[in-house]
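The values are calculated or read from the model by the stated rules, or taken from the named source; none is laboratory data. Not measured: the values here are computed from a predicted model. Note: ideal-geometry Cβ built from the backbone for every residue, glycine included; neighbour counts use all protein chains shown. Quick note on the areas: whole protein, heavy atoms, side chains included, nothing else; ligands and nucleic acids left out. Shrake-Rupley method; radii C 1.70, N 1.55, O 1.52, S 1.80 Å.
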Amino acid sequence: MFSPIRHWALAGEIEEVNFFIRPRVTIRTQYGEQVLVNFHLDTPSPKYFDWKDLKPRRTLVILYAENRTFMDMKSGVRQESPTSSMVFPCSFDSLSDEYQGFVTLANGAKACFYCGKFESDDHNLFKCVRCKNAFYCGRDCQRSHWRVSHKSLCRHAPMLSKLARLDFSRFDGYVNWNRDVTAAGAGGSMNSLLDQFLSSIENKDTSSSLRILCSSDSPMDTVLDANLPQSIGDTFLVKSLKEFSCAVEANPALRHHVVDLKTECGADYKSESLQHFANDMLLSSLFASFPLWQHEEGMRGISWSFESHYPLRIIERIDAFRSYVWLTKLEDKGAIDSLLIRNIFSGVSTFMSDNMKMVAEVGNMVAREHPSNVLIRVIRVTANESWSDCIRSIATEANVPSNVYTLWIREDVPSPICGSFNPLDSEMSLVEQLLDR
């Protein structure tokens, strides 16, 4: 796969629109070229405009457009991402003139968006009272510009302003048309990217994730629902990741965070085992749901490496991972069960394995391949002597990429073999915390 060296965008005025089978438009660029754009989204509609906005004499802009050859041997753009295209309700010339005003601002100067006169000590400019992003000499310039283009583009001014501040001479991770152009792209801080993602999913129903591993007619369904929170935001994993994010915000150098997943004490061993099973099923379901939800939200910038006990079952049950959006690689080597999933649009990867050493190593490998992305490893440890050396090795490993963050989950397993951990002591070293039982 190629590695981008700078940001790019294709912009052109729409000339023809066809909705037969799939939306298809023909645009004309500023150089007079006609470009065919076929939309092949796996979502009902684009994220930042409606299909009804595709009309002649409006302007379509596509971030990171790539030329393809279609089955009829015509060339054009196959637009598959729902988050990288935007339609502006004006001509190309009007959009270009308006955008130039924002470029001037991004370069540190301030000029009237209509006549182009620069601000000086004896010539003050005034903001548009609606968008607060465009500037004018006075009412005459503002009225004239409103009639020319700003009436159509005023509500899009924040988007154009942020895009103008993007450095197109370099590439530091993909961006999209979100309200914060770089928020959903790679290159953001760990806590800002993670907070944005968790905020987008916290109101989802837990059962929607659980269905990945347990069908609604399963005898275990009722039992699991009774033992799990209703909202994704109330699940142990999401709460722990939020806690990790806050810890990193307070200490940006932090790369490890330890949490305890306690099994509620029941009347007997059976009830405790059931609670542990419910926790285990939900964790693995969330691990599989995260990449799907990232794709729905157009989120880039975060890749994952999870210790999961059900990689094989996940790929068998989730049809979505068999679509053209995903590249999957499954390895079933006896005692080791692993699954690597990569989104071909965003480049975001998710690795799942029931072997903690592989979770750590593959996580590091993915982080090195995509240094502008954040890689979050979730490793689960039990109070079992047999994994002590491996845990110690991972916790003290050298030359770990700086974009790797590890959430350690200490799990109490209701078994005389594994047992329980002592209460978490933040004064201990990382290794001491992970082996304190």
### Task
Identify all residues within the stretch 277-294 that are touching a residue at least 60 places away in the same chain (Cβ under 8 Å), farther than 18 Å from D412 by Cβ and either open to solvent by 10 Å² or more (accessible area, probe 1.4 Å) or among the aromatic types (F, W, Y) (or both); write none if there are none.
F287, F290, W293
### Message
Taking the criterion of being hydrophobic (A, V, I, L, M, F, W, C), out of contact with any Gly (no Cβ under 6 Å at 6 or more places or on another chain), assigned to a strand (DSSP E or B) and open to solvent by less than 90 Å² (accessible area, probe 1.4 Å), would at least one residue in the stretch 44-59 satisfy it?
### Response
no
### Query
Does the stretch 355-377 contain at least one residue that is over 30 Å from R392 (Cα atoms) and at pLDDT below 85?
no
### Task
Scan the stretch 132-154 and give yes if some residue there is open to solvent by less than 20 Å² (accessible area, probe 1.4 Å), in contact with a Ser or Thr (Cβ under 7 Å, 6 or more places away or on another chain) and closer than 24 Å to F39 by Cα, otherwise no.
no
### Task
Mind listing whichever residues of the stretch 22-43 are among the polar types (S, T, N, Q), within 29 Å of the chain's Cα centre (by Cα) and not in a strand (DSSP E or B)?
T43
### Task
Report whether or not E66 is surrounded by fewer than 18 Cβ atoms within 10 Å (Cβ to Cβ) and farther than 28 Å from P371 by Cα.
no
### Message
When you scan the stretch 166-179, do you find a residue that is among the acidic types (D, E) and over 28 Å from the mean Cα position of the chain (by Cα), even just one?
### Response
no
### Message
So, A267, is that one open to solvent by less than 10 Å² (accessible area, probe 1.4 Å) and at pLDDT below 90 or not?
### Response
no
### Message
Restricting to the stretch 121-146, count the residues that are more than 23 Å from M159 (Cβ to Cβ) and of a type in the set (V, I, T).
### Response
0
### Query
What tally of residues in the stretch 1-38 results from selecting those that are surrounded by 11 or more Cβ atoms within 10 Å (Cβ to Cβ), hydrophobic (A, V, I, L, M, F, W, C) and out of contact with any Asp or Glu (no Cβ under 8 Å at 6 or more places or on another chain)?
10
#### Entry: Total residues in the stretch 130-168, condition of a type in the set (K, R) and touching an Asp or Glu at 6+ places or on another chain (Cβ under 8 Å)
1
## Note on the structure
A careful count of residues in the stretch 370-389 that are among the polar types (S, T, N, Q), open to solvent by less than 30 Å² (accessible area, probe 1.4 Å) and within 16 Å of the chain's Cα centre (by Cα) gives 1
### Query
If you check N191 against the conditions, is it outside any loop (DSSP other than H, G, I, E, B), polar (S, T, N, Q) and modelled with pLDDT of 85 or more?
yes
### Task
Could you tell me whether any residue of the stretch 393-413 is part of a strand (DSSP E or B) and charged (D, E, K, R)?
yes
